[in-house]
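The values are calculated or read from the model by the stated rules, or taken from the named source; none is laboratory data. This is a predicted model, so every value here is computed, not measured. Counting neighbours? That spans all protein chains shown, and the Cβs are built from the backbone with ideal geometry, glycine included. SASA here: full protein model, heavy atoms, side chains in, ligands and nucleic acids out. Shrake-Rupley method; radii C 1.70, N 1.55, O 1.52, S 1.80 Å.
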Amino acid sequence: MVYLDYAATASLLPGVRKAMHDAEEKLFANASALHTPGHLAKYEIEKTRELLASYINAEPSEIIFTSGASESNNTVIRTFEGCQIETSPLEHHSIIETAQKYMGKKLPKLYSYMLVNNETGDILDLEKNVKEAREIEAPEKSELFEAKNDWGKPLVTDKKGGYVHSDLTQALGKVPIDVKKLGLDYATFSAHKIGGPIGIGALYVRKGVPFKPLIVGGNQEDKRRGGTYNTVGIVGFGEALKEIVKENSIEMYDKKIRKLRDTLANRILKEIKGSSLNTDLRRNKSAPNILNASFQAAEGESIQLYLDAEGIVVSTGSACAAGDTKPSHVLMAKTGDAEVAHSSIRFSFGLDNSMEDVDRVMEVLPGIIDRLQKISTIKMES
Ligand code: PMP
């Protein structure tokens, strides 16, 4: 199998599998319990917290473990329920739909902008939004400023009119992340995009900014996220983080994977009639691991199925929207062209991929596209 769907989920790293297996045996106790097995589990959880904090230049107390990026995103948006929320049309559904449902008119205002887009790999200009947020003046009084959180502390200690969140799910391990340098108040992470397990993620919450727990009814995470600790998942997340540090993942993606991605892109353009790219390949304009391409008069889902039959795994847009017949909202926002969006394929690479995988794709893809174009009712532009 040639797996090119790492942006949907990366395969579990062998070291992660082993660490989780060991944790299942040895760290089964409830990490909130006061007995020794409980302390042992909590100790390992805190190690992951410290690791993530140091990797993104945060304090350990600014990290909250969640069930994944969707929960982290929902938590931030729900904190600003009733407030103005601004996002880009390229965000993940867990931002867009939550914001649409819960936003209102009062201040403070939340800006939520991802750094790396999951469908195209494009890097967005966060700097501009951070600057805009910093320029908003805080009102003298607003409902939110007067609110208390669940454990009685004032909801806002750092009075400002605008806050910035970034969904860094696709950025982790692919591009450098420094939450202080980026000027973020909140940031979202997920373990399964870096070779950790599905079902565990994290939220960075800068000290002193508004916060409302999404899941209440437990003292865990300083009452910021209730629920028994997912010790095994957190250990797996920690191991995946260790791996990306050890492997110098950012440099590896930049050197090795960029070459594979760009070779595939150039060969597609050269060898396949009616092809175009939806990813900006320039350095600093996209993460090195994602390529989104469109094939005129060939439907994305059909291409995906034909490739699947050849043992090549890719996706059309985001897996979360799979089964949805609507064109990708990201490609619609970027290109404004439903045909381009409907005929798109996302190839996303991991460190295990090689140039042979690119060769294998190019062995079968031109034939598949040619066949689909021949039976299509859409006329090819000459
Ligand atoms: N945000 C982005 C940018 C993503 O790519 C994804 C996964 N497709 C998510 C959020 C949701 O992540 P999770 O599966 O951890 O909830």
For Met355, what accessible area in Å² do you get when you roll a 1.4 Å probe over the heavy atoms of the protein chains, rounding to the nearest 10? 70 Å²
Using a ≥ b ≥ c from the Cα gyration tensor of the chain (square roots of the eigenvalues), is it rounded, prolate or oblate, where a/c under 1.5 gives rounded and otherwise the larger of a/b and b/c decides, a/b for prolate? oblate
Which value, in debye to the nearest 20, gives the size of the charge dipole of region 248-375 about its Cα centre, when Lys and Arg are +1 and Asp and Glu are -1 at the Cβ? 500 debye
Charge dipole of the chain built from unit charges on the beta carbon (Lys, Arg +1; Asp, Glu -1), centred at mean Cα; most positive-end Cα among Thr75, Thr169, Leu4 is Thr75
Expected field for Thr36, accessible surface area in Å² at 1.4 Å probe radius, rounded to 10, holds 90 Å²
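Probe radius 1.4 Å, ligands and nucleic acids left out: which of His165, His21 has the largest accessible area, and how do the rest follow?
Output order, biggest surface exposure first: His21, His165.
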Taking a probe of 1.4 Å and leaving out DNA, RNA and ligands, the chain shows per residue an accessible area in Å² of 45 Å²
Per the helix-only model, the chain has a calculated mean residue ellipticity at 222 nm (DSSP H runs of ≥4, -39500 (n - 2.57) each, divided over all residues, rounded to the nearest 500) of -12000 deg cm²/dmol
Give me the extension gain from Arg371 to Lys18: residue separation times 0.36 nm, minus the current Cα-Cα distance, reported in nm with one decimal. 122.6 nm
Contour excess over end-to-end distance, with Cα ends at Lys379 and Met355 and 0.36 nm allotted per residue: 5.3 nm
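List the DSSP H helices in the chain whose Cα atoms stretch 20 Å or more along the helix axis and whose mean Kyte-Doolittle hydropathy is at least 0.5.
Numbers: long enough: 36-56 (30 Å, -0.42); 231-246 (22 Å, 0.83); 355-375 (31 Å, 0.08).
Correct list, ordered by number: 231-246.
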Within a Cβ distance under 9 Å of Met362, other residues only, what is the Lys/Arg minus Asp/Glu net charge? -1
Computed lengthening from Asp125 to His35, 0.36 nm per intervening residue step minus Cα-Cα distance: 27.6 nm
May I ask you to derive the relative contact order of the chain, considering only C-alpha pairs under 8 Å and at least 6 residues apart, and to give it as an integer percent? 21 percent
Quickly work out the Glu271-to-Met1 label distance, labels modelled 7 Å from Cα along the C-beta direction, and quote it in nm with one decimal. 2.3 nm
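For region 172-216, just say rounded, prolate or oblate: build the C-alpha gyration tensor, square-root its eigenvalues into a ≥ b ≥ c, call rounded for a/c under 1.5, and beyond that prolate if a/b exceeds b/c, oblate if not.
Oblate, because a/c is 1.5 or more while a/b does not exceed b/c.
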About its Cα centre, how strong a charge dipole does the chain have in debye, to the nearest 20, once Lys and Arg get +1 and Asp and Glu get -1 at the Cβ? 700 debye
Heavy-atom accessible area with a 1.4 angstrom probe orders Glu363, Glu86, most exposed first, as Glu363, Glu86
Return the percentage of antiparallel bridges among DSSP beta bridges fully within region 14-246, rounded to the nearest 5 %. 50 percent
Scoring region 1-106 by relative contact order with C-alpha pairs under 8 Å, at least six apart, yields a percentage of 14 percent
Tell me, how many Å apart are the Cα centres for region 170-214 and for region 85-139? 15 Å
Could you order Glu299, Glu44, Glu356 by accessible surface area, starting with the largest, using a probe radius of 1.4 Å? Glu356, Glu299, Glu44
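If a/c stays under 1.5 just call it rounded; otherwise compare a/b with b/c (prolate if a/b is bigger, oblate if not). Do that for region 233-295, with a ≥ b ≥ c from the square roots of the Cα gyration tensor eigenvalues.
prolate
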Cross-link table Lys105/Lys160; Lys109/Lys212; Lys109/Lys180; Lys101/Lys207, entries beyond 18 Å C-alpha to C-alpha: Lys109/Lys180; Lys101/Lys207
Of Ala53, Leu110, Ala41, whose Cα points farthest to the positive end of the dipole of region 40-120 (charges on the beta-carbon: +1 Lys, Arg; -1 Asp, Glu; origin at the Cα centre)? Leu110
Measure off 7 Å from each Cα along the Cα-to-Cβ vector at Val245 and Glu363, then give the distance between these two points in nanometres to one decimal. 4.0 nm
Let me cross-check Asp178: its accessible surface, 1.4 Å probe, with only protein heavy atoms counted, in Å² to the nearest 10? 40 Å²
Which of the listed residues, Ser94, Met380, Val216, is farthest toward the dipole's positive end in the chain, when Lys, Arg count +1 and Asp, Glu count -1 at the beta-carbon? Val216
